[in-house]
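Accompanying notes for the structure given below.
The values are calculated or read from the model by the stated rules, or taken from the named source; none is laboratory data. Owing to the predicted nature of the structure, the values given are computational and were not obtained by experimental measurement. Note: ideal-geometry Cβ built from the backbone for every residue, glycine included; neighbour counts use all protein chains shown. Remember, those area values only see protein heavy atoms, side chains included, never the ligands or the DNA or RNA. Shrake-Rupley method; radii C 1.70, N 1.55, O 1.52, S 1.80 Å.
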Amino acid sequence: QFIAFGTFANKVYVFDCEKLETIKSFETLDIIYSTPVWYKENVIVTCLDKKIYSFNTESNKKNWEFDTNGRIFSDPIIVSNSVIFGNNSGFVYKLNVESGKEEGVLVLAERVVNKSIYLPKENQLLIPSVDNEIFCIKLNF
């Protein structure tokens, strides 16, 4: 069993819960405020350097990175073959989780700093914003 976590020291660590030790680490350009998510053998994490990263825990290499126009506080979420996250400039991105290529982008009226919630039955995202509004978006962007 493994967990991944980001730090204010610009690193993502992969921790082996059975051996009780760190087995991998990956470096970013700024503080990691979010909680990483797993996709297969990959750790995906957003960062205050305005980027989202995918790191392969088997090869210990970066798969891809994607630049946005704002700092990213929100946690990424995986929906099917996509990773979705918002940034501090009010943009919500949908990327291909394998390649990191942009599949869609929404511009909201407010900053997005918290994790979005996916409602699979309705195929909708609930996106909380800084000004205490919740946007409900049909996931077809």
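Numbers below:
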read-out	value
Burial ranking of peptide ranges 32-42, 84-94, 114-124 (average Cβ count within 10 Å, highest at the top)	84-94, 32-42, 114-124
Exposure rank, largest accessible area first [Glu133, Glu27; 1.4 Å]	Glu27, Glu133
Two-site label geometry, Glu65 and Lys11: point separation in nm, points 7 Å out along Cα→Cβ	1.7 nm
Solvent exposure, largest accessible area first (probe 1.4 Å, DNA, RNA and ligands not counted), of Lys11, Lys138, Lys19	Lys19, Lys138, Lys11
Cβ-based net charge around Ser80, under 15 Å, with every Lys or Arg adding one and every Asp or Glu removing one	+2
Residue-normalised accessible area of the range 24-133, expressed per residue, 1.4 Å probe, Å²	47 Å²
Whole-number percent relative contact order across the chain, with pairs defined as alpha carbons under 8 Å at least 6 apart	13 percent
